[in-house]
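Working notes for the structure below.
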Amino acid sequence: MSDEQKAKVQAQFGPASEGYASSEVHAKGESLGLLVELVQPQPDWVALDVAAGAGHTAFAFAPHVARVIATDLTPEMLAKTAELAAKRGLTNIETRPADAEALPFDDASFDLVTCRIAMHHFPNPRQALSEFARVLKPGGVVGFTDNITVPDKQAAGYYNAYEKLRDPSHNWVYPLVRLQAMFADAGLKVEATRELSKELEFHEWADRMKVSPANKEKLLEMMRHIPEALQPLFAPRWAEGTLYFSLWEAVIVARRGG
Ligand SMILES: C[S@@+](CC[C@H](N)C(=O)[O-])C[C@H]1O[C@@H](n2cnc3c(N)ncnc32)[C@H](O)[C@@H]1O
């Protein structure tokens, strides 16, 4: 990952750690429980959480495994993870700075790698997936979620421009079929896939990334003119003087070949 992209991520997420700590979508999103249910974590497992943010995925897995190493590129996020873990009395979580595309861990170190709602920031997701496979023990599991878009290329471009205007560190959201192919190419055999939608209130979503009033206006304007192919995905709803819209998230559980 280039230093320029790293700086973008840190500039974006450094001031946002409090917002992510309290974000309902991140702290209580449906994908969190589903991920634990599908992964079936075991008490002797050592887990790596990549791009941990404010730590919600690490907190969900910690009670079920021996140890979780929570990693992220943004120091403020790791500080928030450590603070919240201490508040919850979770003593088996350690934090460590790490770039998802160059993990500072030996081959075959982990039973589980988790990465939730983060890969759309990585400039080279294939490199990240190959790192997940490298640090997993043979037979180890990846518990993954990320937002997804529609396969139509033009609509996917519009979707990603919308996300990028809200968050300059956004790189790319893919359709589910592309994600599944990337997992297979990295030697990770997909064992379970689920798709979930989550409805967001526009201002809460935009303010979490401290979007300027001018860019909020542009985003609202874009939502008024979304391509037909994005209508079922975003399902925009103007109510109570605000905009509600949906994002879709895929949950993927995959296994490194033995
Ligand atoms: C939406 S938050 C993650 C949410 C979190 N996983 C959860 O379950 O609540 C995205 C995180 O990705 C991190 N990030 C972005 N690019 C990264 C990279 N290349 N390596 C590691 N972390 C990265 C950001 O610092 C940010 O904390």
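Only Lys, Arg, Asp and Glu count, each charged at its Cβ (+1, +1, -1, -1), so figure out the dipole size of the stretch 98-140 about its Cα centre, rounded to 20 debye. Present the calculation step by step, with values, prior to reporting the outcome.
Numbers: 4 positive and 6 negative charges, 35 e Å.
I would put it at about 160 debye.
Please order H121, H64 by the number of other Cβ within 10 Å, starting at the fewest. Could you put the intermediate results ahead of the total?
On the way: H121 23, H64 16.
If I rank by nearby Cβ atoms, fewest first, I get H64, H121.
Output wanted: per-residue J couplings in Hz (rounded whole) for the stretch 61-71, from phi through Karplus 6.51 cos²θ - 1.76 cosθ + 1.60, θ = phi - 60°, x for Gly and Pro.
8, 3, x, 9, 10, 6, 8, 10, 9, 9, 10
Search the structure for amide H atoms under 5 Å from the amide H of L243, placed 1.01 Å from N in the peptide plane, and list their residues when 5 or more places away or on another chain.
Those qualifying (amide H under 5 Å, at least 5 residues apart or on another chain) are F202, H203.
For the stretch 126-258, with only Lys/Arg (+1) and Asp/Glu (-1) charged at the beta-carbon, what is the dipole magnitude about the Cα centre, in debye rounded to 20?
Charge dipole, the stretch 126-258, about its Cα centre: 560 debye, nearest 20.
Taking a ≥ b ≥ c as the square roots of the eigenvalues of the Cα gyration tensor of the stretch 61-104, is the shape rounded (a/c under 1.5), prolate (a/b larger than b/c) or oblate? Intermediate results must be reported in sequence, preceding the final value.
Values: a/c = 3.22, a/b = 1.42, b/c = 2.28.
Cα axes put the stretch 61-104 in the oblate bin.
Output the pairs from K28/K198; K164/K189; K80/K210; K8/K164 with a Cα-Cα distance over 20 Å in this structure; if there are none, say none. Don't jump to the answer; show the numbers that get you there.
Details: K28/K198 11 Å; K164/K189 30 Å; K80/K210 18 Å; K8/K164 12 Å.
Pairs exceeding the cut-off: K164/K189.
Taking the number of other C-beta atoms within 10 Å as the exposure measure, put T81, T242, T149 in order starting with the fewest.
Least crowded to most crowded, the residues run T242, T149, T81.
If you count the DSSP beta bridges with both ends in the chain, what percent of them are antiparallel, to the nearest 5?
Details: 25 of 46 bridges.
Restricted to the chain, the bridges split so that about 55 percent are antiparallel.
Using the Cα centre of the chain as the reference point, and only Cβ charges (+1 on K/R, -1 on D/E), how large is the resulting charge dipole? Debye, rounded to the nearest 20.
140 debye
Going by how many other Cβ atoms sit within 10 Å of their own, how do W172, W238 line up, fewest first? Present the calculation step by step, with values, prior to reporting the outcome.
On the way: W172 18, W238 13.
By the 10 Å Cβ count, ascending, the order reads W238, W172.
Which length gain, in nm to one decimal place, applies between H225 and S2 when the Cα-Cα distance is subtracted from 0.36 nm times their residue separation? Let's see the in-between values first.
Numbers: separation 223, 0.36 × 223 = 80.28 nm, distance 3.40 nm.
Taking 0.36 nm per residue and subtracting the Cα distance, the gain is 76.9 nm.
Could you tell me the calculated FRET efficiency between K153 and Y244, based on Cβ-Cβ distance and R0 = 30 angstrom, to the nearest 0.05? Walk me through the intermediate numbers first.
Details: r = 27 Å, r/R0 = 0.89.
It comes out at approximately 0.65.
Under 5 Å between amide hydrogens, which residues at least 5 positions from A192 or on another chain qualify, with H placed 1.01 Å from N in the peptide plane?
Here the answer is V253, since their amide H atoms fall under 5 Å of that of A192.
Is the shape of the stretch 2-141 best called rounded, prolate or oblate, per the rule: a/c under 1.5 gives rounded, else a/b larger than b/c gives prolate, else oblate, with a ≥ b ≥ c the square roots of the Cα gyration tensor eigenvalues?
oblate
So if R0 is 45 Å, what FRET efficiency would A214 and A79 give, r being the distance between their Cβ atoms, rounded to the nearest 0.05? Don't jump to the answer; show the numbers that get you there.
Details: r = 31 Å, r/R0 = 0.69.
Result of the calculation: an efficiency of 0.90.
Per DSSP helix of 4 or more residues, -39500 (n - 2.57); summed, then divided by the residues of the chain. What does that give at 222 nm, rounded to the nearest 500?
After summing the helix terms and dividing by residue count, I get -12000 deg cm²/dmol.
Please say if the stretch 132-255 is rounded, prolate or oblate, where rounded means a/c under 1.5 for a ≥ b ≥ c the square roots of the C-alpha gyration tensor eigenvalues, and otherwise the choice is prolate for a/b larger than b/c and oblate otherwise? Mind showing how you got there, number by number?
On the way: a/c = 2.33, a/b = 2.10, b/c = 1.11.
Taking the square roots of the gyration eigenvalues as a ≥ b ≥ c, the stretch 132-255 is prolate.
When the chain is fully extended, how far beyond the present Cα-Cα distance does E37 get from L196, taking 0.36 nm per residue of separation? Spell out each step's value before the answer.
Working: separation 159, 0.36 × 159 = 57.24 nm, distance 1.47 nm.
Full extension of this stretch gives 55.8 nm more.
Figure the gain on full extension for A235 and A108 (residue separation times 0.36 nm, minus the Cα-Cα span) and round it to one decimal in nm.
Numbers: separation 127, 0.36 × 127 = 45.72 nm, distance 4.24 nm.
Computed gain between A235 and A108 is 41.5 nm.
Determine one quarter of the surface area of the Cα convex hull of the stretch 170-214, which equals its mean projected area, and express it in nm² to one decimal. Let's see the in-between values first.
Numbers: hull surface 19.3 nm².
For the Cα atoms of the stretch 170-214, the hull's average projected area reads 4.8 nm².
Provide the per-residue ³J(HN,Hα) series for the stretch 173-178, in order, calculated from phi with Karplus coefficients 6.51, -1.76, 1.60 and θ = phi - 60°, each as a whole number of Hz, with x at glycine and proline positions.
Coupling constants for the stretch 173-178: 9, 10, x, 4, 4, 5 Hz.
Report relative contact order for the chain in percent, whole number only (criteria: Cα-Cα under 8 Å, sequence separation at least 6).
Contact order relative to length: 20 percent.
Once Rh for the chain is found with the Kirkwood sum over Cα pairs, what is the Stokes-Einstein diffusion coefficient at 25 °C and 0.890 mPa s, in µm²/s? Don't skip to the end; give the middle numbers.
Details: Rh = 18.5 Å.
Roughly 132 µm²/s, to the nearest whole number.
Where a number appears in this text, it was derived from the coordinates with a stated rule and is not lab data. Since the model is a prediction, treat every value here as computed from it, not as a measurement. Positions of Cβ are backbone-derived with ideal geometry, glycine not excepted, and every protein chain shown enters the neighbour counts.
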